[in-house]
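Data block below; observations after.
The values are calculated or read from the model by the stated rules, or taken from the named source; none is laboratory data. All values derive from a computational prediction rather than experimental measurement. Positions of Cβ are generated from backbone atoms using ideal geometry, with glycine treated the same way; all protein chains shown enter the neighbour counts. Remember, those area values only see protein heavy atoms, side chains included, never the ligands or the DNA or RNA. Shrake-Rupley method; radii C 1.70, N 1.55, O 1.52, S 1.80 Å.
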Amino acid sequence: MNELHPTTTPTPASSSLWRTVAEVERYVAADGWGAPLRLFALVRTADALARDPHLAQRLPEHVVAEAHADPGHLTSVEQDGLPDVADLDELLGQLAWPPGVDGAALVVERLLVPPDAEAEVRAATPAEDEEARAAALAAHPLAEEVRIAVGVLRDGGHECAVRSRSKDSDGEVATGADLVPGLVSALQATLQG
């Protein structure tokens, strides 16, 4: 069953999408590191309430009030039963969202290595031995485990949040629209069509 995760604690200066991306990142972070990819449909809460008035009974009162005050307020709906695929590109290539979904968000963990360090490892390991290369990259002293959250809307709006394992606190999460442009583009493509 899909779980609802309405956004909470809005601030006047932040957008609904930014709040939603921050909220899904914190939601996934509560489960600790080593989590699988998590995918969320994003729906405008006011529109969802108009389509299903009984939804108001399942959401906290303050969320319903926020949705009435802000037509852009978003609710995230976690998607269960993701297809078993070899990589993220393959999964995103299979996704398509119905018209009632206003956007999508995903949270994924990755290992980042500075470009110079990656070039050093590539030069030192045979190209055909991807396992050895991956192990060498993971063991590199400059490797950093990160959790990336990306949210996109059909209108092109997008936001990102990145938490590093070495600075694992809500106050240390980097945010910005263009932190991971390739992932933003790939997720945005799932809303086209």
- Note on the structure: Debye calc, one equal point scatterer per Cα of the chain, no solvent, log10 I(q)/I(0) at q = 0.09 1/Å comes to -0.37
- Got a number for carbon plus sulfur as a percent of segment 97-142's accessible area, 1.4 Å probe? 61 percent
- DSSP H segments from the chain that extend 18 Å or more along their own axis, Cα-based, with Kyte-Doolittle mean of 0.0 or above: 16-29
- Query: Once you put a point 7 Å from the Cα of Ala189 and another 7 Å from the Cα of His140, both along the Cβ direction, what distance in nm separates them?
  - Reply: 2.5 nm
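In percent, how large is the relative contact order of segment 68-175, given Cα pairs closer than 8 Å and 6 or more residues apart?
Working: 105 pairs, mean separation 24.6, N = 108.
The value is 23 percent.
Rounded to the nearest whole Å², what accessible area per residue is found for the chain with the 1.4 Å probe? Each step should come with its number before you reach the end.
Working: 10170 Å² over 193 residues.
For the chain, the solvent-accessible area averages 53 Å² per residue.
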- What percent do you get for the relative contact order of the chain when only Cα pairs under 8 Å and 6+ apart count? 25 percent
- Query: Which residue, Gly182, Gly34, Gly171, tops the fluctuation ranking in a GNM of the chain built on C-alpha contacts under 10 Å?
  - Reply: Gly171
- Task: Arrange the peptides 125-133, 68-76, 160-168 so that the one whose residues have, on average, the most other Cβ atoms within 10 Å appears first.
- Result: 68-76, 160-168, 125-133
